[in-house]
């Protein structure tokens, strides 16, 4: 088996069916044994088929006819199916076999690790024993693969997944189009997990076709959210609260986690909508 590299897709000839196993030979006449569960239903003796070579859990050389969508040298999105502190993230590579992105290759902060259902942009690799592992895409590889975005995406909302996390901001790839997006830390309320899918508003299309984005809501959306926060609180306390234009910034921050300017704008919207009125330092519901 010295000539065979693990995680490679090879062409083999099916020489015979031996019980629940297929016996196959490679072009270099190495023998490969394939479990029936890893064989296609339409295989026939003498047929040339492609298989993925890997090490099974017992350390034996094994092969599967169910070829992965992500292979050595090719990159794609792999969905996370399991996460453990010891092993890291187990991902679906489109085959009967899965791969593991080791814990040491994931973010240092555990809360930024991907969760089940998140997707990691990666390629396939092996360790010295031939096990299947995921290798995260480097920035150099992204530079080769990203697609230049058209100017028409400006101010649009794109679904994107985080592939690189830095203190200064988050790098993402759009789910459709493979556009490269950078979101500065000032343009997000919290840092997304590696592989998490988020909505990003495009705030700049650069000359090289890369994008700058924001994960903050638009001004009108923020105003609506702030007004809803105040309205829900007002209803929860019986329709009358001792907060209004005269309240101190400290009081507003402590109660609503808003700046006084944001509080006044939201309160003004509620008044304009005819939902509240103010009397002697109190805000009162009119509904």
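Please treat every number below as a calculation from the coordinates, not as lab data. It should be emphasised that the depicted structure is a prediction, and the values quoted were computed from it without experimental measurement.
Per the Kirkwood formula on distinct C-alpha pairs, the Rh of the stretch 51-129 is how many angstrom?
After inverting the pairwise mean of 1/r, the radius is 13.2 Å.
Where is the GNM fluctuation largest for the chain (alpha-carbon springs, 10 angstrom cutoff): 190, 58, 206?
Among 190, 58, 206, the largest mean-square fluctuation in the Gaussian network model of the chain belongs to 58.
If you find the alpha carbon centre of the stretch 225-287 and of the stretch 88-141, how far apart are they in angstrom?
Cα centroid to Cα centroid, the span is 47 Å.
What number do you get for the stretch 211-287 when its Cα radius of gyration is normalised by 2.2 N^0.38 Å, N = residues? Walk me through the numbers before you get to the answer.
Details: Rg = 13.0 Å, N = 77, 2.2 N^0.38 = 11.5 Å.
Here the answer is 1.14, to two decimals.
Give me P(r) over the stretch 143-286, computed from all C-alpha to C-alpha distances, binned every 5 Å, as integer percentages.
Taking all Cα pairs of the stretch 143-286, the binned fractions are 2, 9, 17, 16, 11, 9, 10, 10, 8, 5, 2, 1, 0 percent.
Provide the gained length on full extension for the span residue 204 to residue 37, in nm with one decimal, where the gain is 0.36 nm per separating residue minus the Cα-Cα distance. Numbers along the way, then the final one.
Working: separation 167, 0.36 × 167 = 60.12 nm, distance 5.05 nm.
Extra length from residue 204 to residue 37 when fully extended: 55.1 nm.
Can you pull the Kirkwood radius for the stretch 191-249, inverse mean 1/r over Cα pairs, to one decimal in Å? Each step should come with its number before you reach the end.
Details: mean 1/r = 0.0663 Å⁻¹.
For the stretch 191-249, the Kirkwood estimate is 15.1 Å.
To the nearest 10 degrees, how steeply does helix 219-236 sit against the main Cα axis of the chain, on a 0 to 90 scale?
70 degrees
Would you mind telling me the antiparallel percentage of the DSSP bridges in the chain, rounded to 5? Show your work: numbers first, answer last.
Values: 65 of 68 bridges.
Rounded to the nearest five, the antiparallel share is 95 percent.
Relative contact order for the stretch 219-285: what percent, with Cα pairs under 8 Å and sequence separation of 6 or more? List each step's numbers first, then the result.
Values: 68 pairs, mean separation 28.6, N = 67.
This gives 43 percent for the stretch 219-285.
Rounding to the nearest 10 and keeping the result within 0 to 90°, find how far the Cα-based axis of helix 260-272 lies from the longest principal axis of the chain.
70 degrees
Only bridges whose two residues both fall in the stretch 146-214 count here: according to DSSP, what percent of them are antiparallel, nearest 5?
Details: 20 of 22 bridges.
Of all bridge pairs located within the stretch 146-214, approximately 90 percent are antiparallel.
Using just the Cα positions, wrap the stretch 146-214 in a convex hull and report its mean projected area in square nanometres, one decimal place. Could you put the intermediate results ahead of the total?
On the way: hull surface 15.9 nm².
Mean orientational projected area (the stretch 146-214, Cα hull): 4.0 nm².
Pick from 228, 13, 111: which residue has the top mean-square fluctuation in a GNM of the chain where Cα pairs under 10 Å get a spring?
Result: 228 has the largest fluctuation of those listed.
If you project the alpha carbons of the chain onto their three principal axes, what span does each projection cover, largest first, in Å?
92, 44, 34
Over the chain, what is the relative contact order in percent, taking alpha-carbon pairs closer than 8 angstrom and at least six residues apart? Walk me through the numbers on the way to the answer.
Numbers: 581 pairs, mean separation 30.0, N = 287.
The value is 10 percent.
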